[in-house]
Ligand SMILES: [Zn+2]
């Protein structure tokens, strides 16, 4: 691969240890890594270099979206106006997943990754599905970086509802299948792919399954990505069945640790906050899913207190059936704006902290911060270039404030992973957009009909 130089960049937001922002900057990329970061004048291009003109652009370390269900992409809108706990999961999302075939899953993952690339995202964490192989195949094609995990449920009935047929297995079988995915995919695609273990919803998983999952993660030296404290129904269900909330249960089973990334986390009590701190557990907030599904994760959540305790927080889009879009930069605004509103305090979360959530803390949450999360010499070359010659960006005094308060993922112009260009000047180079839209519409229409959710997604206004 020739040397890639991006020069004349208006702002390089390095997120390095001193949080430098470089004006009129240049990034030099060689062999998939960042070879230099500095002023344009110091790094002139030479013959044979591939050159990107960074004029009118802001460079960010590749953006992390630490909670994305690739396989739910074709179910877009299926969770609309559903009560978050029993109705959304048990009657909408899981039945859709249970009716999918492998072709649907591959199409869904391609479309999800296309949406993320267009939103400037370079890396995602997928917290579990029965279609890990199809998600991995889409990563191979799209060029993104990501983490996959296989769903494991061993309980067909919970105090919140019953799981769809085929959506749970005997404990031993579930563990074998999940372990196979880790064995096959951890570190695959030249290190672009990680494979972890998954907790979809703790109340549908037995103590034995959770305990053994923890031991497997330790044996394989990988992490566990898990939903927890997602909504009030789920915490009530956990108390009814186990006499305690999710975090306390995971602590009692010996699962909490620095390799655990917990998602949503809106319904944590004070004692549990200290357990999270003691174990250095990582957190991914999902503000748009919470707002869309009335989960109360912002109004009742403890994100400012978690930050105060030194926990690593990132943001996730969740899925097309929950939030309903995959745009981490919009999530950054929603968590900042949501907390300003909920706490009646415009200083409770600064935009700079939100940018850390998108970058270096996203990397920390995925155990990838040695190689990713900042634009520094030696790190892997994952870069997001945003177009700032747009009305919502102008004028600029503080680019970080504009990024969080004014911008959105649709400003993404160029996306680079491992030094390879996935989108250049707004054109996605790795996936065929138009073919994908047609296939996705056909497959989604059939899937929703098979699942029996046509009424749930229909417009209440007449369509002629
Ligand atoms: Zn989720």
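The values are calculated or read from the model by the stated rules, or taken from the named source; none is laboratory data. Remember, predicted model here, so these are calculated numbers, not experimental data. Don't worry about glycine lacking a Cβ; one is built from the backbone with ideal geometry, like all the others, and counts go over all protein chains shown.
Inclusion of residue 179 among residues that are more than 16 Å from the ligand (Cβ to nearest atom) and crowded, with 18+ Cβ neighbours inside 10 Å is warranted.
Which one of these is within 25 Å of residue 404 (Cα to Cα) and either in the same structural domain as residue 262 (by TED's automatic domain parsing) or in contact with a strand residue (DSSP E or B) (Cβ under 7 Å, 6 or more places away or on another chain) (or both): 77, 7, 18? Within the list 77, 7, 18, the selection yields 7.
In this entry, residue 361 is excluded by the filter for residues that are within 19 Å of residue 120 (Cα to Cα), within 16 Å of the ligand (Cβ to nearest atom) and within 14 Å of the chain's Cα centre (by Cα).
Out of everything in the stretch 305-324 that is in contact (Cβ under 8 Å) with a residue 24 or more places away in the chain and more than 14 Å from the ligand (Cβ to nearest atom), what residue ends up being nearest to residue 407 (Cα to Cα)? So, considering only residues that are in contact (Cβ under 8 Å) with a residue 24 or more places away in the chain and more than 14 Å from the ligand (Cβ to nearest atom), the one nearest to residue 407 (Cα to Cα) is 313.
Among the residues of the stretch 186-207, those identified as farther than 22 Å from residue 164 by Cβ and away from the ligand (no atom under 16 Å from the Cβ) are 186, 187, 188, 189, 190, 191, 192, 193, 194, 195, 207.
Residue 124 meets each of the listed conditions (1) buried (at least 24 other Cβ atoms within 10 Å of the Cβ); (2) within 20 Å of residue 163 (Cα to Cα) apart from (2).
In the stretch 208-234, the qualifying residues are those that are modelled with pLDDT under 95 and in a helix (DSSP H, G or I), and the one that is farthest from the ligand (Cβ to nearest atom) is 232. Scanning the stretch 399-430 for residues that are in a loop (DSSP other than H, G, I, E, B), touching a strand residue (DSSP E or B) at 6+ places or on another chain (Cβ under 9 Å) and under 14 Å from residue 119 (Cβ atoms) returns 407, 426.
In the stretch 274-291, the qualifying residues are those that are in contact with a helix residue (DSSP H, G or I) (Cβ under 6 Å, 6 or more places away or on another chain) and assigned to a helix (DSSP H, G or I), and the one that is farthest from the ligand (Cβ to nearest atom) is 275.
In the set (1) crowded, with 18+ Cβ neighbours inside 10 Å; (2) under 30 Å from residue 95 (Cβ atoms), the condition left unmet by residue 423 is number (2).
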